[in-house]
Every structure is written in structure tokens, then in C-alpha cells.
Protein chains: 2
Amino acid sequence: MATDQPSSTEGLRRLNTSLVLRSLRQQGPATRAELAKRTGLAKATVGVIVGGLAEVAAVDESASVPGGPGGRGRPGRPVTLTGEGLLGLGLELNVDYVSAVVLDLGGRVRVSGTRPVTGTDPLPVLLDLARSVVRRVRDGRLVGAMVAVPGLVRGDDRTVAWTPNLAAPDERVAVGIEDVLEGRCPVSVGNDANCAAYAESHHGAAVGAEHALYLTGTVGIGAGIVTDGRLLRGAAGFAGEVGHMPIGDSTAACGCGRRGCWEASIGLHAMLAAVGMPELDTPYLSAQAVADRAEHDPAVRAALENLGRDVGLGLAILTNVLDPSLVVLGGYFVALGEHVLGPARRSLDERLPSPAQGRPELRLSTLGMEAAALGAAELALEGVFSGDVPVA
Amino acid sequence: MATDQPSSTEGLRRLNTSLVLRSLRQQGPATRAELAKRTGLAKATVGVIVGGLAEVAAVDESASVPGGPGGRGRPGRPVTLTGEGLLGLGLELNVDYVSAVVLDLGGRVRVSGTRPVTGTDPLPVLLDLARSVVRRVRDGRLVGAMVAVPGLVRGDDRTVAWTPNLAAPDERVAVGIEDVLEGRCPVSVGNDANCAAYAESHHGAAVGAEHALYLTGTVGIGAGIVTDGRLLRGAAGFAGEVGHMPIGDSTAACGCGRRGCWEASIGLHAMLAAVGMPELDTPYLSAQAVADRAEHDPAVRAALENLGRDVGLGLAILTNVLDPSLVVLGGYFVALGEHVLGPARRSLDERLPSPAQGRPELRLSTLGMEAAALGAAELALEGVFSGDVPVA
DNA sequence: GACTTAAGTTCGAGACTCGTACTTAATAGG
DNA sequence: CCTATTAAGTACGAGTCTCGAACTTAAGTC
């Protein structure tokens, strides 16, 4: 909960309600008595809180289950977090596609959709998609909306400071979505890598990791950093912009005009140049073709080995700084799979700061195109789980 | 406040009390009416809270000041955070010295002391210093104690996982201090760079910066990272171990057995080797001699220029990842001053990720040897300001 | 000296949590 | 089949907290 504002007894209730909600999400359904034990709250309090949650259709009460654990005594009625009544809208604005996801508090995707964008300005397409998606959610209250954008977003969670490949400056995106939603809920804007990282830590390969690092690779390289279960934002909201760190081949020319950027070693274009293959429609398709070729072509395998080493080198630096327990690779790296994971693990092992520190686990992303939109939706719901947004 | 435990109405009071305390610390003394406006609490509530704080000698009420701002009306009696009744003990265990600082809630150092250690095991010296320091604080309640250690400390804030130059494994340090304090308050252990970073952000060059990076240089290189006003710890508590990141001269041999570690480019020994000067009693003295020589010797200046560039290169990487608004250089860098700051600023400028991001400000540490102990003391008091520790 | 203004306090209403006592719904055993 | 036992859930009263309104207090102003 925001700690820099006054709390009344209602704030107290919000805080304890969020405690119950988090317990239901992280540890699964439970009876009131179990919830009381898990949260430390009194049985009576839990009863009242669950009652309130049931009223807004956030939880569901199944029938009692006789013959449960223990057997004797009155059986409890398990409370499940269905979250049907509380919804978060997540959107992604990208160069070649837009996505939308409506997520309920229980973590189920209620509606989702993706549309390709070719040539034209993607923002109108996103607005149209948002309109149609919102229309399809009749029941339930929208508690928040968030738009993931490939670029730098200021600390106000609203103003876009810089998008290399997208004309969506300032508050245009936020205002556009606010317009579509007609004030039904607050709208914020976030970096796409951050959103995807949040998605991984709640629905993907990093579930349960409080300290995770997400690295995405397309033409550019971006990272999303989760520490203590929260996104690391930085002073201006620009943390995780790792693409132009001087890592890897110090002579490689980068699109930014400098040399030695990590992106110039492990970005999509660098990878394709190294294996001598053309760029296809999407980064993933391009990488898949490379992976196919690698099966028979030792030269391609050697090039990917080099790539993986440079990935590992950068991850070693990030690991030294951030000490994550888990690193998730997304973007085109997913298609290359073990071709890049193996060498990355090895070069990472060589560069751990001390014998005491174990290597963070390396995994591939399991979420597809809609990762960023999914994470944005989860972030839109975050206020409920943190106790900042009243549930009723 | 810890958000994963139940809150009763007393917890609510703790939370609002901490809100008042933080307002007094950050925005200075104020009347009850002003405090009510600043915190958003009701006048009546502030009155009760201030009363409680006065009872434990945390705040002081000056006489009313007639003719204040506005002039008309009953003048308010300003409440000042003196914090005399609530104390934090900070200790530093190092290879060649130990320090102790007793800090009150108002941020004043009440007692402090440093003792050199030569050859022998420093832990007994620290315990003895702690004993004598604690004896000198008769009035006031010790709310916490923290020991800064040059090494890796686990996430439990207690177990030392690895100290390269110090035989103080496991829980020996914590148990020793607990013994001295006879259970008067909880004891925790922390990394020295983290503690120093916290000291800078509360008493030194980084006051007011919510996102700051502290880089210390002696024989080893370590960083302390403050994001959102909190220390970044990482999964195992090892975040900020930046000394062995592959940065700078990739051929330089490091004490760890590898090549290319940042430490091998900008650690004390690398610096001394580059200028061809001997190591003196302390890192600071060694560096001061180098700085003196640089005044007349262009070759030394050129070597320091190189050093500064490598410092900036690493800071660029850290800036890309963390986006701090401020970087503080500590350790031996302080003695070199502008010799290293200038080139560091320039190489940092060349490596910012995007035109939108400004360069973080670079400053020298203003705290001396006792930085780590001071930060440890501040951390020992943190629970009061966060509302986790009851004030009464 | 009466009036105005603003700080600080008092007091009752309302919200919340908690422990205890009570009710309810199951199993175990005779 | 009936009673005892066990545990879940609820009702209720006590205690704590915040809040707004009314009140008191201490200054300046006319």
C-alpha cells in the first residue's frame, strides 16, 4: 500500500482485504478458518472480509466438502478467488501489431485479441481494438487499464518520453484510451519490456520468483526487472534500457550511431548477419528459420554459440548488479532455444561474482505475442492486490 | 510497512505515526495544524500522535512563535523531531578498522568511535567498541542495531555468506553483537556498500535522491543501490556486487583469477600500478599521494584520465540498467576528485541509452570512514520510519 | 476592550479488529 | 439410531482508532 498517505479504518480494511486476496492468489483456495491461520487475522474478521469480496463477485464459495482433511468436525466451505467481478484491461501498442487482454482478478483471461498493423499508424488500430474488447465485457467492474509501449515512459506512468519506431509522443496514447473508456477507470502507460516481465512473473516462466529478470530481443534489446515482486522503474522510469550498454563486440556498429552496444551483438539484425540469413516477416519467424538451418549447418551453430556467449556476458553483468534468481529470455531468443541457452549458461557461469553466488536459472518465455498486454492487465489490477484500490 | 501481515487498529496508529515522523524528517519542523495539512490526517489525530511521540521523547515542542506567518490568530507551537528517546546503533566491521555510531531518530550522531585494527581478528575489537559505546548511552531506547560487513550477506540480514578478507562467517557477527547488547534490540547484518549508500542518501551527497547509486573503491569495488528510497537487495541479498563485472581492459588480471573484471581496471591496485606508485597505509592516503603527484606529472594525469574513463564506462552500464538520478563515488575515488570525475562524466555521456535520458549527476562522497556505520545506524532506525516498529 | 483569526483540544459518531461464546454440520462410537 | 466430539462459521460486546464539529485558547486588529 502507498505508505505516504493517511490511513483511516477503511484503509485498514483495504489492507487486510488485500492480504486475504494475496493469500488466495498465492496459496490457492481455502476455507475461512484456513485463511485466518494463513493471514493471522481473526476468524471473525476473515468472515466479514470474505463476505465483502463475495458481494463484488471477487470470490466464490463452493459447497462444503465433507470428509476433508481430518474428517471430524464441521467441514469448511472453500473460498476460491474467481475474481469475476473485477477486471483489468491490458493493451500493447507496437509497430507491427496491437494487442488487448482483459484479465479478471482470478488471473483468467476473459477476452483477448491481436491485430496486425502494416504501415499505418498503429494507435487508431489499438483504439479500435480497445473499443471492441471493452464492449465485449458487460459484467464486472474495470478497475484499471494499462498500455504497454516500446519506448521510454516517464515516472508518471503516463507520458511517453521516447519511442524510436513509433509516433506516439507525450500523452497521446493515454488520452486516446481514456477517451475510449470514457472515464470508467484510470489509465496508465508502461514500457513493454517491463510489462512482459511482470507477465512472466505472474503467468509465465517466472511465476513465484520475487527477483526475476526478463530479456526480450527483437531488433532492439530490452529488459524488465522485477525486484521484491515489484517492477524496477528508476528515477525517470527508464531502468532496464540495456540495449545500448557497451557489451560484446566493441567494434560492432549499432543503429544508434555508436559502436559496441549489446544490441549490435545480440539484436536480431546482428544475429541474422552473423548467420547470413535474411529477415522474414517477424523476428520470431526469422529466428525460427535460423534454428531450422542450425540443425544441419555447423557454421550457423557456431554463430549462435557466439551469440549465446554474448547474451551470457551481458546477463552476467546484470546478474552481478541485480542478483535475480531467474532470468527469462523472450522475443526471438525463444525460437533459438537451446542454441542460445547453452552457451549463455556457460559464459554466465564463468562470470559469477563469487563462489557464494549460484547461477540464476535461465528459461525461455512461455508467453507469446500477448505477453506485454497480459502484464499490462496484471499491472492494472495491481492496486487491488496492494490495497491501494478499494475493492467495493 | 510490511504488507504481508495483518493490521489491527494499533497497526493503523503505527502507520500514521510513521507518516508524521517522515513528514517531520523530510519537511522539517511544523505545527500540528501544518502537519495535519502535510499528512492529510485530521487535526485531532495529529494531536494524539504528537502527544504519543512527545511521551517517548521523539519530538520536542518549542514555545509558540507569535507574529509568525499570517500574523493573526493563535500562533502554533512548532513540533521538532529531536528523536532523543529513540536510538539506532550502527557498526562497521572491516579488515583494518572498526567503527560504531549511535544515531537518534532526529538524525543526530550521539556517540561515535573508530578503532584501527592491525593484524589481529577485528571482531573482538568491534565487540569491545560496541560495549563501550553502548555504555555511554544511558537515556533513550535502542530500537535496533546493524553491523556493516565487507562481504556477501544473505537475504535473512544475518548470515554472512562470504567475506574475502575477513574470517567472520555465518552468524558469528550477529551473535557476538547480540551478546553485547543482551537482547536490548534486534541485531542485523548488512553489506558495507549498501550501508554506505544508505548513509549517503540520508546524510551525505545523495540526500533527497530516491534513486541513487553509490560506488566505493578500495582494493575491491562495490556498489550500493537505492531505488525508491529502499536498498536493492536481490534474491540472495547479493545485488550490487559489481567488482567482477567484465568491464574495462579485458586483459587485466584480477585477484579472483579471471581477466577483465572491472576491479582489475579501477581497483586501488590497478590505479597504483597505472601511475607507478606504491600502496600506503590506507587506500585514501595512497590516492591522496597520487592526486598530489598528478598536479605536476602529466603522465599520472593521463593514467587517471584512463581510469576515469573506465569508471564512466561501468557507470554507464549501471545507469542503463538502474536509471539513478545521482551517482556518488566513495572510497579512494574521493581523494582523486576531479581527476576521475571529469573523464567519468565524459565517457558516461557517450554511453547514455537515449537522447531522452539525462546523465545522472556525479558527486563525491562527503562522509568519511564512518559512512558504513552511519548507514547501518540509519537502517537500524528504518523500522520506526516505516511503521514496522512500534514507537512506544 | 471587542472583534477576528487560526491553533489546538474535546467529544461523540462511525469503522474496524479481536476474543469469547454460540450455532451449525460433519464424524465416531455405542 | 442416538449421543459425544470436533471443527467451521457467526454473533456480539469491548477496545482502538480516525474523523468532523464544536469548543477553547492565544494571538493580532480596529
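Do any strands (runs of 3 or more DSSP E) entirely within region A:121-192 hold 3 or more residues that are over 17 Å from A:Glu241 (Cα atoms), and if so, which? Can you show your working first?
Working: elements: A:141-149, A:160-162, A:187-191.
Strands (runs of 3 or more DSSP E) meeting the threshold: A:141-149.
Filter region A:311-338 down to residues that are within 14 Å of chain B (Cβ to nearest Cβ), part of a helix (DSSP H, G or I) and open to solvent by 40 Å² or more (accessible area, probe 1.4 Å), then give me how many there are.
1
Out of the residues in region B:295-310 that are of a type in the set (Asp, Glu) and in a helix (DSSP H, G or I), state the one that is farthest from A:Gly155 (Cα to Cα).
Step by step, filter region B:295-310, then rank; the result is B:Glu305.
Evaluate the following for B:Arg32: is it within 13 Å of A:Leu12 (Cβ to Cβ) and buried (at least 20 other Cβ atoms within 10 Å of the Cβ)?
Judged against the criteria, B:Arg32 is not a match.
Scanning for something open to solvent by 10 Å² or more (accessible area, probe 1.4 Å) and either charged (D, E, K, R) or within 14 Å of chain B (Cβ to nearest Cβ) (or both), does region A:283-293 turn up at least one residue?
yes
Can you name the number of the only condition in (1) open to solvent by 50 Å² or more (accessible area, probe 1.4 Å); (2) assigned to a helix (DSSP H, G or I); (3) of a type in the set (Gly, Ala, Ser) that A:Gly358 fails?
Among (1) open to solvent by 50 Å² or more (accessible area, probe 1.4 Å); (2) assigned to a helix (DSSP H, G or I); (3) of a type in the set (Gly, Ala, Ser), A:Gly358 violates only (2).
I'm trying to understand the selection: among the residues of region A:201-250, which are more than 20 Å from A:Asp310 (Cβ to Cβ), open to solvent by less than 10 Å² (accessible area, probe 1.4 Å) and within 7 Å of chain B (Cβ to nearest Cβ)?
Listed by number, the residues that qualify are A:Leu232, A:Gly234, A:Phe238, A:Ala239.
Could you please find all residues in region A:1-25 being touching a residue at least 60 places away in the same chain (Cβ under 8 Å) and more than 8 Å from chain B (Cβ to nearest Cβ)?
Within region A:1-25, A:Ala2, A:Glu10, A:Arg14, A:Thr17, A:Leu21, A:Arg25 meet the criteria.
Restricting attention to region B:229-267, report how many residues are free of Cβ contacts under 8 Å to residues at least 24 places away in the same chain and touching a Phe, Trp or Tyr at 6+ places or on another chain (Cβ under 8 Å).
2
Considering only region B:131-146, I want to know if a residue exists there that is within 27 Å of B:Ile221 (Cβ to Cβ) and modelled with pLDDT of 90 or more.
So far as region B:131-146 goes, yes, one or more of its residues are within 27 Å of B:Ile221 (Cβ to Cβ) and modelled with pLDDT of 90 or more.
Within region B:1-119, which helices (runs of 4 or more DSSP H) (wholly inside it) include 2 or more residues that are under 30 Å from the mean Cα position of the chain (by Cα) and closer than 25 Å to B:Tyr198 by Cβ?
Values: elements: B:9-27, B:32-39, B:43-55.
Result: B:9-27, B:32-39.
Report whether or not A:Asp60 is touching a Leu at 6+ places or on another chain (Cβ under 6 Å) and either closer than 24 Å to A:Gly208 by Cα or away from DNA strand C (no atom under 16 Å from the Cβ) (or both).
Criteria not met by A:Asp60.
Go through region B:70-119 and give me each residue that's aliphatic (A, V, I, L, M), open to solvent by less than 60 Å² (accessible area, probe 1.4 Å) and in contact (Cβ under 8 Å) with a residue 40 or more places away in the chain.
B:Val79, B:Leu81, B:Leu86, B:Leu87, B:Leu89, B:Leu91, B:Leu93, B:Ala100, B:Val101, B:Val102, B:Leu103, B:Leu105
Working carefully through the options B:Pro124, B:Pro164, find the one that is open to solvent by 50 Å² or more (accessible area, probe 1.4 Å), of a type outside the set (A, V, I, L, M) and closer than 29 Å to B:Gly257 by Cα.
Step by step, each of B:Pro124, B:Pro164 is checked, and only B:Pro164 is open to solvent by 50 Å² or more (accessible area, probe 1.4 Å), of a type outside the set (A, V, I, L, M) and closer than 29 Å to B:Gly257 by Cα.
Is it the case that B:Ala236 is more than 13 Å from the chain's Cα centre (by Cα), closer than 28 Å to A:Gly260 by Cα and of a type in the set (A, V, I, L, M)?
So B:Ala236 does not fit the description; no.
Can you tell which of A:Thr82, A:Thr120 is away from every other protein chain (no Cβ under 14 Å), among the hydroxyl-bearing types (Ser, Thr, Tyr) and out of contact with any strand residue (DSSP E or B) (no Cβ under 6 Å at 6 or more places or on another chain)?
A:Thr120
Scan B:Thr45, B:Thr82, B:Thr17, B:Thr39 and give me the residue that is polar (S, T, N, Q), touching a Pro at 6+ places or on another chain (Cβ under 9 Å) and more than 8 Å from DNA strand D (Cβ to nearest atom). Before the answer, list the steps.
Values: B:Thr45 fails: more than 8 Å from DNA strand D (Cβ to nearest atom); B:Thr82 fails: touching a Pro at 6+ places or on another chain (Cβ under 9 Å); B:Thr17 fails: more than 8 Å from DNA strand D (Cβ to nearest atom).
Among B:Thr45, B:Thr82, B:Thr17, B:Thr39, only B:Thr39 is polar (S, T, N, Q), touching a Pro at 6+ places or on another chain (Cβ under 9 Å) and more than 8 Å from DNA strand D (Cβ to nearest atom).
(1) under 11 Å from B:Leu374 (Cα atoms); (2) at pLDDT below 95: which one isn't true of B:Ser99, the others all being true?
Every condition holds for B:Ser99 apart from (2).
Inspect region B:342-352 for any residue being assigned to a loop (DSSP other than H, G, I, E, B) and not hydrophobic (A, V, I, L, M, F, W, C) and give the result as yes or no.
So far as region B:342-352 goes, yes, one or more of its residues are assigned to a loop (DSSP other than H, G, I, E, B) and not hydrophobic (A, V, I, L, M, F, W, C).
Which one of the conditions (1) more than 12 Å from every other protein chain (Cβ to nearest Cβ); (2) over 27 Å from B:Val207 (Cβ atoms); (3) in contact (Cβ under 8 Å) with a residue 12 or more places away in the chain; (4) within 11 Å of DNA strand D (Cβ to nearest atom) does B:Gly51 fail to meet, given that it meets all the rest?
With (1) more than 12 Å from every other protein chain (Cβ to nearest Cβ); (2) over 27 Å from B:Val207 (Cβ atoms); (3) in contact (Cβ under 8 Å) with a residue 12 or more places away in the chain; (4) within 11 Å of DNA strand D (Cβ to nearest atom) applied to B:Gly51, the lone miss is (3).
For the list (1) β-branched (Val, Ile, Thr); (2) closer than 30 Å to B:Pro29 by Cα; (3) open to solvent by 30 Å² or more (accessible area, probe 1.4 Å), I need the number of the one condition that B:Val143 fails.
Of the numbered conditions (1) β-branched (Val, Ile, Thr); (2) closer than 30 Å to B:Pro29 by Cα; (3) open to solvent by 30 Å² or more (accessible area, probe 1.4 Å), the odd one out for B:Val143 is (3).
Kindly list the number of the only condition in (1) open to solvent by less than 20 Å² (accessible area, probe 1.4 Å); (2) within 21 Å of the chain's Cα centre (by Cα); (3) aliphatic (A, V, I, L, M); (4) within 14 Å of chain A (Cβ to nearest Cβ) that fails for B:Ile177.
The failed condition is (4).
Which of (1) closer than 25 Å to A:Ala239 by Cα; (2) in contact with a Pro (Cβ under 6 Å, 6 or more places away or on another chain); (3) open to solvent by less than 10 Å² (accessible area, probe 1.4 Å) does B:Leu348 not meet, given it meets every other one?
Among (1) closer than 25 Å to A:Ala239 by Cα; (2) in contact with a Pro (Cβ under 6 Å, 6 or more places away or on another chain); (3) open to solvent by less than 10 Å² (accessible area, probe 1.4 Å), B:Leu348 violates only (2).
When you go through B:Gly73, B:Gly88 one by one, which is the residue that is small (Gly, Ala, Ser) and either touching a helix residue (DSSP H, G or I) at 6+ places or on another chain (Cβ under 7 Å) or more than 8 Å from DNA strand C (Cβ to nearest atom) (or both)?
One residue alone meets the criteria, B:Gly88.
What pairs can you find where one residue is in region B:36-48 and assigned by TED's automatic domain parsing to the domain that holds B:Thr17, the other is modelled with pLDDT under 95 and near DNA strand D (Cβ under 7 Å from one of its atoms), and their Cβ atoms are less than 7 Å apart, with a gap of 6+ or different chains?
Filtered contacts from region B:36-48: B:Thr39/A:Pro6; B:Gly40/A:Pro6; B:Leu41/A:Pro6.
Can you name every residue in region B:54-78 that is near DNA strand D (Cβ under 8 Å from one of its atoms) and of a type in the set (S, T, N, Q)?
Within region B:54-78, B:Ser64 is the sole residue that qualifies.
Looking for something over 19 Å from A:Ala197 (Cα atoms) and among the small types (Gly, Ala, Ser) - is there at least one such residue anywhere in region A:320-341?
no
Just a yes or no: is a residue in region B:188-195 of a type in the set (Val, Ile, Thr), open to solvent by 20 Å² or more (accessible area, probe 1.4 Å) and either modelled with pLDDT of 95 or more or more than 18 Å from B:Arg154 (Cα to Cα) (or both)?
The answer is no, given that none of the residues of region B:188-195 is of a type in the set (Val, Ile, Thr), open to solvent by 20 Å² or more (accessible area, probe 1.4 Å) and either modelled with pLDDT of 95 or more or more than 18 Å from B:Arg154 (Cα to Cα) (or both).
The values are calculated or read from the model by the stated rules, or taken from the named source; none is laboratory data. Because the structure is predicted, anything quoted here is derived from the model rather than measured. Cβ atoms come from the backbone with ideal geometry, glycine included; neighbour counts cover every protein chain shown. In case anyone asks, the SASA skips ligands and DNA or RNA and just uses the protein heavy atoms, side chains included. Shrake-Rupley method; radii C 1.70, N 1.55, O 1.52, S 1.80 Å.
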